[in-house]
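The values are calculated or read from the model by the stated rules, or taken from the named source; none is laboratory data. None of the values given here were measured: they were computed from a predicted structure. Note that each Cβ is placed from the backbone with ideal geometry, even for glycine, and that neighbours are counted across all protein chains shown.
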Amino acid sequence: MKKGRNKPIETIPEMEGYSVEMRTISMLWANVAAIVVMVLLGLLGFVLMYAIWGGISLGRPWSAMLFLVGLWVGIVVHELIHGLTWMWVTHSGFRHLRFGVLQGGVYCHIDVLMNKRRYVVGALMPLLLLGIIPFFLSFATHSLWLMLFGVIFIACAMGDVLIVWAVRKESPDTLVYDHPSEGGCVVYHKC
């Protein structure tokens, strides 16, 4: 049994009157999607940067170092954003979060049942804050490094996007539970 923050991974909670359906994703597929998105969006970013500014600028000498540090910090921040957003939308405390490494990637798990709408907000918030906003901001600031940062963190969020895609047909008020040991969630349907 894997442990995170000295707390064992729990079992999927059962609810009387509800059936449980797993909605998990393949980590291999998530990584393939991330690579494809990174390459295509990176190429688009270079084309747009060139079209808007007439060229690519490497910025100041310390920009590359800041970019590398930002990548390492961003990995941790990505998971913190999941956790803090889920805590906020569920009005739960930090004790309900668990962070760790699973299948070669870092993760955040919350052990609180919530509706799909809240789950999706927490799942996609790192995509918005670390990926989409920096990507578009880079064109206003002529920052190659910010554009690359955005591209990488959009790609890093592809697993989250695939999880949201897996529950896209569910009602916004459908109850879901973040899967404790796989990428994805558990969907609860009334019997």
Quiz item: If we keep just the residues of the range 98-139 that are among the small types (Gly, Ala, Ser) and modelled with pLDDT of 95 or more, which is nearest to the chain's Cα centre (by Cα)?
Solution: 123
Quiz prompt | Number of positions in the range 33-58 that are farther than 19 Å from residue 132 by Cα, surrounded by 12 or more Cβ atoms within 10 Å (Cβ to Cβ) and among the small types (Gly, Ala, Ser) | solution = 1
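So in the range 100-124, with the set limited to residues that are of a type in the set (A, V, I, L, M) and within 17 Å of residue 26 (Cα to Cα), which one is surrounded by the most Cβ atoms within 10 Å (Cβ to Cβ)?
Taking the range 100-124 as the starting set, the residues that turn out to be of a type in the set (A, V, I, L, M) are 101-102, 106, 110, 112-114, 120-121, 123-124.
Narrowing the set further to residues that are within 17 Å of residue 26 (Cα to Cα) leaves 101-102, 106, 123.
Values: 101: 10, 102: 16, 106: 13, 123: 24.
In this case the residue turns out to be 123.
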Quiz prompt | Criterion violated by residue 85 - all others in (1) among the hydroxyl-bearing types (Ser, Thr, Tyr); (2) closer than 25 Å to residue 26 by Cβ; (3) free of Cβ contacts under 8 Å to residues at least 60 places away in the same chain; (4) in contact with a strand residue (DSSP E or B) (Cβ under 9 Å, 6 or more places away or on another chain) satisfied | solution = (4)
Exercise. Please find, within the range 158-177, the residue that is surrounded by the most Cβ atoms within 10 Å (Cβ to Cβ) out of those that are among the β-branched types (Val, Ile, Thr) and closer than 16 Å to residue 32 by Cα.
Key: 163
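What about residue 150, is it touching a residue at least 60 places away in the same chain (Cβ under 8 Å), under 14 Å from the mean Cα position of the chain (by Cα) and surrounded by fewer than 21 Cβ atoms within 10 Å (Cβ to Cβ)?
For residue 150, the condition - touching a residue at least 60 places away in the same chain (Cβ under 8 Å), under 14 Å from the mean Cα position of the chain (by Cα) and surrounded by fewer than 21 Cβ atoms within 10 Å (Cβ to Cβ) - is not met.
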